Amino acid sequence: MHEHPFAELTPDLVLDAVESLGLISDARVLTLNSYENRVFQVGIEAEAPLIAKFYRPNRWSDAQILEEHSLSFELAELDIPLVAPIKFNDKSLFEYKGFRFCLFERRGGRAPEAGDLDQLYRLGQLLGRLHAVGAKKPFLERPELNVATYGQASFEFLRNNNFLPKSLAARWEALVEDLLKTLTTLFAENPYTSLRIHGDCHPGNLLCRDDSFFIVDLDDCRKGPAVQDLWMMLTGDRQEQTLQLSELISGYNEFYDFSPSELPLIEGLRTLRILHYSAWLARRWKDPAFPYSFPWFGTEHYWNEQISILNEQQFALDQPYLQLF
């Protein structure tokens, strides 16, 4: 018995899974950087290598994964640049010896340059096109990004599973309880139209190649406010972020109308992401890759730093929100 299911995912199993679709590999397997799932570059005889993504067991249902794929195909049909799963016999999700997986074309690129206004304008155009499609119909299976799912659930998991040092637990709990009350009021006072969003739209998931951008990794797509896919593009001080936001929204509005009423949610969404990240590390701690890669998680230094960051967020939530020019 292995400690974690991914321990069974050997290079031979990866090759066998890919070849079960009728492909012939050249027996080369390169492990790529991924924690939530497992991703490999697999050599194919007389062809370009393919990327094989093996989904983390028991995270998404088949229906939820297929909603991710369906959104990818909707975008691809409209020539919106992204890396979509490859279909074999009209199927995109496959199973081999208990592992669900899909294949992608290999495509390299570089992350956007922080603060580059021309790039932000073009990224805004791309995200506007994404959301114009995302607004056409709802997700039926994918969850909503909100205070309950990203905030309250994260708080309860961390508190109930003893991940915090006893010396800091009371301070952290009191701080997060206050933040959750603030966030609940913030989201209640600033309603938004929920749509299908990328969900994890940091610069590493929007890559540039040949002077054009494309979308990668819809694994975290879900329902939520449009601004969730925009705020992680911003960097620097308030003045710089205001200018960046204006460029981003100028491009965005060419394809989908952004509602400025969502701007007050930015710091709330940032706070939720901070809480969700800590809970994500905790939920994955039984996966041996996590203690190896994040040895600092759970230390007093880490939680002291989290308390400091969350105190900064408490201050930020009391400040005037970013506005467009």
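The values are calculated or read from the model by the stated rules, or taken from the named source; none is laboratory data. For clarity, every value in this text was computed on a predicted model and none was experimentally measured. Heads up, the Cβs are rebuilt from the backbone with ideal geometry, glycines too, and the neighbour counts pull from every protein chain shown. Side chains are part of the model used for accessible areas, which takes the heavy atoms of the whole protein and leaves out ligands, DNA and RNA. Shrake-Rupley method; radii C 1.70, N 1.55, O 1.52, S 1.80 Å.
Descriptive notes on the structure:
- Of the residues making up region 14-32, not a single one is open to solvent by less than 50 Å² (accessible area, probe 1.4 Å), under 18 Å from the mean Cα position of the chain (by Cα) and closer than 14 Å to D217 by Cα.
- Residue match in region 162-178 (condition: part of a helix (DSSP H, G or I), within 24 Å of L265 (Cβ to Cβ), touching a residue at least 40 places away in the same chain (Cβ under 8 Å) and open to solvent by 60 Å² or more (accessible area, probe 1.4 Å)): yes
- Selection within region 1-13: residues that are in contact (Cβ under 8 Å) with a residue 12 or more places away in the chain and of a type in the set (D, E, K, R). The member of this set that is surrounded by the most Cβ atoms within 10 Å (Cβ to Cβ) is E8.
- The lone criterion from (1) at positive phi; (2) at pLDDT 95 or above; (3) among the hydrophobic types (A, V, I, L, M, F, W, C) left unmet by L15 is number (1).
- Restricted to region 229-274, and to residues there that are in contact with a Gly (Cβ under 7 Å, 6 or more places away or on another chain), of a type outside the set (D, E, K, R) and part of a helix (DSSP H, G or I), the residue that is surrounded by the fewest Cβ atoms within 10 Å (Cβ to Cβ) is S250.
- Looking only at region 281-293, and only at residues there that are touching a Phe, Trp or Tyr at 6+ places or on another chain (Cβ under 9 Å) and among the aromatic types (F, W, Y), the one that is farthest from N37 (Cα to Cα): W285
- Total residues in region 38-56 satisfying the condition of being under 29 Å from W285 (Cα atoms), open to solvent by less than 40 Å² (accessible area, probe 1.4 Å) and part of a strand (DSSP E or B): the figure is 8.
- Some residue of region 51-66 being among the polar types (S, T, N, Q) and more than 25 Å from H4 (Cβ to Cβ): no
- Scanning region 292-325 for residues that are in contact (Cβ under 8 Å) with a residue 40 or more places away in the chain, open to solvent by 90 Å² or more (accessible area, probe 1.4 Å) and closer than 30 Å to G251 by Cα returns Y321, Q323, F325.
Listed here are the residues, each with its yes/no results for (1) without any contact (Cβ under 8 Å) to a residue 60 or more places away in the chain; (2) assigned to a loop (DSSP other than H, G, I, E, B).
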| position | (1), (2) |
| --- | --- |
| N58 | yes, yes |
| I65 | yes, no |
| S70 | yes, no |
| A84 | yes, yes |
| E95 | yes, no |
| F104 | yes, no |
| L127 | no, no |
| S154 | no, no |
